[in-house]
Amino acid sequence: MRNLAALIAGGLFGAGLLISGMTNTLKVQGWLDVFGQWDPTLAFVMGGGIIPMAIAWALTKNRTPVLGGEFPAKSKPEADKKLIVGSVLFGIGWGLAGLCPGPSIAALSFGGVGGITFVAAMVVGMLLAPKVRALLD
């Protein structure tokens with residue numbers, strides 16, 4: 001049952017990415033181009049993710065998930081060196097490619113060589129991340 005729920009949630013997430021334009025690299029780069037021809041429409045996509053998540057966090061207090069397990073603990077809001085370096089690297093990659101992990105997986109079905117190249121580079125980055133993290137400690 002948990003796998004079916006995960007499949008449905010993942011499908012809805014992918015469809016949302018596609019409909020919202022998050023898989024369109026030019027739209028994402030337009031959002032990031034605040035000093036050029038800025039496209040503010042992705043702010044609504046981000047709000048559409050942040051607002052329901054904030055409500056969900058508030059509703060999970062003293063509850064257990066319907067499909068078992070536990071809700072993850074809220075992360076501590078501290079900006080340490082790892083968070084800053086990771087955020088900068090993520091932002092650089094997002095700005096250059098116009099994709100981040102979720103949309104890149106969705107874009108594999110239509111992104112051609114560019115999409116495949118991005119996902120391959122992302123996997124290499126994920127494999128190198130523990131080594132970089134160790135250097136920051």
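The values are calculated or read from the model by the stated rules, or taken from the named source; none is laboratory data. Everything quoted here is computed from the prediction, not taken from an experiment. FYI the Cβ positions are ideal-geometry reconstructions off the backbone, even for glycines, and counts take in every protein chain you see.
Looking only at the stretch 119-129, decide whether some residue is closer than 23 Å to Asp33 by Cβ, at pLDDT 85 or above and either among the basic types (Lys, Arg) or within 14 Å of the chain's Cα centre (by Cα) (or both). For the stretch 119-129, residues closer than 23 Å to Asp33 by Cβ, at pLDDT 85 or above and either among the basic types (Lys, Arg) or within 14 Å of the chain's Cα centre (by Cα) (or both): present. You will find that of Val34, Val66, Val28, the residue that is outside any loop (DSSP other than H, G, I, E, B) and either surrounded by 10 or more Cβ atoms within 10 Å (Cβ to Cβ) or more than 15 Å from the chain's Cα centre (by Cα) (or both) is Val28 and no other.
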